[in-house]
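Worksheet: one structure, shown below.
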Amino acid sequence: LLFLAGSIVVGLGNPGMERTRHSVGMAVISALADHLGVANRWGGDRSVCGDVIMTEVHGSPLVLLRPRRMMNINGVCVAKAAAKYGIKPENILLVHDELDKPLGKMSIKQGGSARGHNGVRSCVECLQTDVMPRLRVGIGRPAGRTSVERHVLTGFSSEEQNIVNCVLVQSVELLLLQLEHPKAQQNSSCSPAKGRRTKRNGHGPQNSLFLEVLLK
């Protein structure tokens with residue numbers, strides 16, 4: 001067993017369906033790995049049933065986890081990783097899609113109920129607590145007669161993908177802030193149109209202004 005302490009960031013989703021709305025958490029964690037310069041270090045770990053990167057952020061150990069189980073049993077992988085690395089539930093940050101937020105908005109939620117999200121519910125059941133902070137990434141509800149199931153399992157349109165690309169940048173910023181100041185980020189929220197801006201990797205205010213036009 002490895003006992004690192006530190007934190008785990010988990011990108012919830014369905015393996016093999018990374019480009020769907022329901023797996024936007026996986027896209028966020030991949031963007032975080034890119035930002036940290038460790039994207040080439042993903043490795044399969046059978047003991048946790050997932051893909052893992054071990055790194056550091058703000059001087060503390062950090063485990064990035066992409067479960068290899070379907071969304072409704074993602075919690076099995078998260079619980080195995082928590083046990084292996086000796087990380088407490090309050091230091092496990094779940095990243096997942098959120099139907100009740102429009103595309104382009106995201107928020108940090110400090111624990112609480114799963115609110116109908118099967119991946120979060122699985123994590124709550126397997127860890128036997130609901131204290132895990134979450135980054136909730138809006139995907140919006142389906143329009144017209146489209147079912148929720150079909151909506152979450154489809155990909156983004158080209159126009160939506162432009163929004164998602166900017167959301168990924170803002171999501172990484174929120175994650176890094178949460179990891180550095182976990183108490184200060186309680187229930188914070190933002191959207192790319194009004195949210196935090198970054199000049200890293202060439203992204204700047206122009207992306208926020210671009211989104212503001214798209215979202216109107």
Residue count for the stretch 150-182, restricted to those that are part of a helix (DSSP H, G or I) and surrounded by fewer than 15 Cβ atoms within 10 Å (Cβ to Cβ): 5
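Among the residues of the stretch 117-136, which ones are assigned to a helix (DSSP H, G or I) and either within 10 Å of residue 10 (Cβ to Cβ) or β-branched (Val, Ile, Thr) (or both)? Give the steps one after another, and end with the answer.
Pass one, the stretch 117-136, residues assigned to a helix (DSSP H, G or I): 118-127.
Answer for the stretch 117-136, where residues must be assigned to a helix (DSSP H, G or I) and either within 10 Å of residue 10 (Cβ to Cβ) or β-branched (Val, Ile, Thr) (or both): 119, 120, 123, 124.
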Qualifying positions in the stretch 22-43 - under 20 Å from residue 122 (Cβ atoms) and open to solvent by 20 Å² or more (accessible area, probe 1.4 Å): 22, 27
In the stretch 104-141, the residues that are more than 22 Å from residue 154 (Cα to Cα) and β-branched (Val, Ile, Thr): 108, 124, 129, 131
Number of the exception - residue 95 against (1) under 20 Å from residue 63 (Cα atoms); (2) open to solvent by 10 Å² or more (accessible area, probe 1.4 Å): (2)
Condition broken by residue 115, with the remaining ones in (1) touching a Cys at 6+ places or on another chain (Cβ under 9 Å); (2) at pLDDT below 95 satisfied: (1)
Cross-chain or 6+ apart pairs with Cβ under 7 Å, the stretch 75-92 first and closer than 13 Å to residue 111 by Cα, then in a helix (DSSP H, G or I): 89/82; 89/127; 92/78; 92/82
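The values are calculated or read from the model by the stated rules, or taken from the named source; none is laboratory data. These figures come from a predicted structure and were not determined experimentally. So basically every Cβ, Gly included, is an ideal-geometry build from the backbone, and we count neighbours across all protein chains shown. Remember, those area values only see protein heavy atoms, side chains included, never the ligands or the DNA or RNA. Shrake-Rupley method; radii C 1.70, N 1.55, O 1.52, S 1.80 Å.
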